[in-house]
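Each remark here refers to the structure printed beneath this line.
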Amino acid sequence: MDEYIVGRHVYGSFYGIPRDIAYNEEYLRGVIEEAVKAAGATLHSLQSWRIPGEKGGVSVIALVLESHIALHTWPEYDYATFDIYTCGSHTDPWAAFKVMLEKLKPRYHVVHFADRSQMPLAGTGKPQADTS
């Protein structure tokens, strides 16, 4: 049994994505579904919206039992942001990122990682020391 929750957060931006991809809500839903599977996460709900107008785009959010995967596009700028947060040692947010990178075809990207695994020691309110 894990003594603490493994929370890993991969997030960032895609630049220069093709506009036909950035506007394609059904395609983007499929990308997120594939990313959920690649991460080893359990899909609870998948929602998407196509926001109309000059500054509109598409948002897709997968609520997974282990947390969430989200994607937001701004086709006018050939730009998208992503947020992949998974809990549990059985999940791999980097695998989800690789799917999104391959399917969205950006010219370049920026990616960040945060280890959100620390839990307070019982009764102290202080973070648990990293022993790795």
- Item | Neighbour-count ranking [beta-carbon atoms within 10 angstrom, fewest first] of ARG107, ARG116 | ARG107, ARG116
- Message: Expected output is a single nm value to one decimal: the length gained when fully extending between ILE61 and SER45, i.e. 0.36 nm times separation in residues minus the C-alpha distance. What is it?
- Response: 4.9 nm
- Given the alpha-carbon gyration tensor of the range 7-115, what are the semi-axes of its equivalent ellipsoid in whole angstrom, ordered largest first, with each equal to the square root of 5 times an eigenvalue? 22, 15, 11
- Compute the length gained on full extension between TYR77 and ARG116: take 0.36 nm times their separation in residues and subtract their Cα-Cα distance, giving the result in nm to one decimal. 10.9 nm
- Item | Neighbour net charge for GLU76 - beta-carbon separation under 11 angstrom, K R +1, D E -1 | 0
- By how many nm would the segment from LYS105 to GLU54 lengthen if fully extended, with 0.36 nm per residue of separation less the alpha-carbon distance? 16.1 nm
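No value in this document is a laboratory result; all are computed from the given coordinates. It should be emphasised that the depicted structure is a prediction, and the values quoted were computed from it without experimental measurement. Here the Cβ is made from the backbone with ideal geometry for all residues, glycine too, and neighbour counts use every protein chain on show.
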